[in-house]
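What follows is one structure encoded as structure tokens, with my remarks underneath.
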Amino acid sequence: MRRDDIACLKHIIAAAGKAVSFVEGKTRKDLDADEMLALSLVRLLEIIGEAANGVSSAFQNRFAQIPWRKMRGLRNRLIHGYFDVNLDILWVTILKDLPPLMKDLEEVISCSDTRPEGEKN
């Protein structure tokens, strides 16, 4: 495992955490009314996908329960289909998918056997 893999996981968690915090206390209608919120959330999901793309294939295979492909696919959809972003999907992704993803990635990081070779406790 590369040290970069853990850095990418931390970037995913940070971006996901920001997205979740940005929607706290907001409703789906708020998303329609607040273009800055929508654009911020799109950008954070793009960051998540880009960071997922930076995780090595070996690490992805080792932790296959993480939806690496979906994260990358969402990023690609947002980047290339920027003119047609479905805010309903964006909203559900942030509320339903990101909290368990953050939890799963925190568990991956906390696994003692995910430390780079040669690194001590």
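Any read-out appearing in this document is the output of simple, stated calculations on the displayed coordinates, not a laboratory observation. All of these numbers come straight from a predicted model, not from anything done at the bench. All Cβ positions, glycine included, derive from the backbone under ideal geometry; neighbour counts span all protein chains shown.
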* Structure fact -> Extension length gain for Lys26 and Glu106 (0.36 nm per residue less Cα distance), in nm, is 26.2 nm
* Structure fact -> With Asn53 itself left out, Lys, Arg at +1 and Asp, Glu at -1 over residues whose Cβ is under 11 Å from its Cβ give +1
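Relative contact order (percent) for the range 1-106, with alpha-carbon contacts under 8 angstrom and 6 or more residues of separation?
Details: 97 pairs, mean separation 42.2, N = 106.
It comes to 40 percent, rounded to a whole number.
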* **Efficiency of FRET between Ala64 and Glu35 - r from beta-carbon atoms, R0 22 angstrom, step 0.05** => 0.05
* To do: Apply the Karplus parameterisation 6.51 cos²θ - 1.76 cosθ + 1.60, with θ equal to phi minus 60°, to every residue of the range 50-58 and state each ³J(HN,Hα) to the nearest whole Hz, in sequence, with x for glycine and proline.
  => 5, 5, 4, 5, x, 7, 4, 4, 4
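Which order do Ser40, Ser110 fall in if you start with the one that has the fewest other Cβ atoms within 10 Å? Working shown, then result.
Details: Ser40 15, Ser110 8.
The order, fewest Cβ neighbours first, is Ser110, Ser40.
Helix-derived [θ] at 222 nm for the chain: sum -39500 (n - 2.57) over DSSP H runs of at least 4, divide by residue count, nearest 500? Working shown, then result.
On the way: 7 runs with 84 residues, N = 121.
Counting only the DSSP helices, I get -21500 deg cm²/dmol.
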* **GluC sites (Glu not before Pro) restricted to DSSP loop in the range 4-64 with at most 11 other C-beta within 10 Å** => Glu24
* Structure fact -> With Cα coordinates, the longest principal axis of the chain makes an angle with the long axis of helix 98-110, in degrees rounded to 10, of 10
